[in-house]
Amino acid sequence: MRALVYHGPGRKSLDEHPKPVVQKPGDAIVQVTHTTICGTDLHILKGDVPTCAPGRVLGHEGVGIVEAVGSAVTGFKPGDHVLISCITACGRCDYCRRGMFSHCETGGWILGNSIDGTQAEFVRIPHADTSLYHVPAGAAEDALVMLSDILPTGFECGVLNGQVAPGSSVAIVGAGPIGLAALLTAQFYSPAELILIDVDSHRLEVATRFGATHVLDSSTVDAVREVRALTSGRGADTVIEAVGVPATFELCQELVAPGGVIANIGVHGTEAPLHLERLWSHNITITTRLVDTVTTPMLLRTVAADRVRPEELITHRFGLAEIDQAYDTFSQATKTQALKVLIMP
């Protein structure tokens, strides 16, 4: 089969690769019909994720059709259309029983990391019964790719960890796909202010269309001063970091109100300063999280009911043979105005 293979920092290629086979009774083999590229894939290519070794097939998001299942799989059969979760969960270990699927003792974020992933024609899914979801009848499968990762990530790591509440003020730093996913799902809780901060004018325009009450270009305005002006001088009750660089994490520390929450989503490849000399007395909470995808069933129902339209995040479409072009487009988002790129093997 064809698959995008990681060959070390800065190197990848579309190669002929062995087609996966059932290895354990709980496995399923899925023919991938739609996949996408995540910012985490770019971090891997930068060398920020040492658990991903050269030779690995990249990708952890997708929708597909079950081709084969192991003898222990009871919830799925060949021919089923399925959503692939970016997180693999056994459902039985201590972490899974606590709802921390991301730390599953035999799973977690392994697709495209420690086992071969979804940017290929076929993928092996361990623990299939608790790591796949049936695609609802009539659902747009390209839209559901957004439920593999970015929608539950924005919701769980940003909105839920950030304790967004009715009437509260929310500042999201970073209007990329994850920040926009947090914006879409924060509206479940009717905050009074939803402020998006970025340096990309096109992404800020998209954020306005998606429901932001205010957008700030931090390259042209003092974002801290503007947020304080919008929040009666207090700062934001919830600040969501959706970039993953030291400068944006420091900005979040200046934006948060006393008693507020900084919810980190960004993947940080280098150390970032924490200014306790200023924040030690501010009663703030700082949260970190790798998505657990525990909210995926709820988000599936929400999308099926047309309450959220994640397909609006898709800006470009490519075939698998064009995956190098897809990566170039996604990695040069300021130039190409890309949000999510859809790849159809």
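Accessible area per residue for the chain is 41 Å², calculated with a 1.4 Å probe on protein heavy atoms, without ligands, DNA or RNA. Here's the list of aspartates and glutamates a cross-link from Lys12 could span, going by alpha-carbon distance under 16 Å and ignoring same-chain residues fewer than 8 apart: Asp41, Asp48, Asp116, Glu322, Asp324, Asp328. Within straight-line reach of Lys335, meaning a Cα separation under 21 Å, sit the following lysines at least 8 residues removed in sequence or on another chain: Lys46. Here region 15-123 yields Rg over Rh of 0.96, to two decimals, using C-alpha coordinates and the Kirkwood radius. Distance distribution P(r), region 216-258, all Cα-Cα pairs, bin width 10 angstrom from 0: 30, 58, 12 percent.
Give me the mean projected area, in nm² to one decimal, of the convex hull enclosing the Cα positions of the chain. For the Cα atoms of the chain, the hull's average projected area reads 16.5 nm².
Hydrodynamic analysis of region 180-313 uses the Kirkwood radius over alpha carbon pairs. Inserted into Stokes-Einstein at 25 °C and 0.890 mPa s, it gives a translational diffusion coefficient of 154 µm²/s.
Solvent-accessible area assigned to carbon and sulfur over region 216-292 amounts to 54 percent, based on a 1.4 Å probe. Mean projected area of the convex hull spanned by the Cα atoms of region 101-140, taken over all viewing directions: 3.8 nm². Pairwise Cα separations in region 120-204 fall into 10 Å bins from 0 onward with the following percentages, short to long: 16, 38, 29, 16, 2. For region 243-345, the equivalent ellipsoid derived from the alpha-carbon gyration tensor has semi-axes of 34, 21, 12 Å in decreasing order. For a paramagnetic label modelled on Ser218 (point 7 Å from Cα along Cα→Cβ), amide N atoms under 15 Å away belong, within region 227-249, to 227-228, 236, 238-249.
The values are calculated or read from the model by the stated rules, or taken from the named source; none is laboratory data. Bear in mind that the values here come from a model prediction, so they are computed numbers and not experimental data. Cβ coordinates were reconstructed from backbone atoms using ideal geometry, including for glycine residues, and neighbour counts include every protein chain displayed. All accessible areas refer to the heavy atoms of the entire protein, side chains included, with ligands and DNA or RNA removed. Shrake-Rupley method; radii C 1.70, N 1.55, O 1.52, S 1.80 Å.
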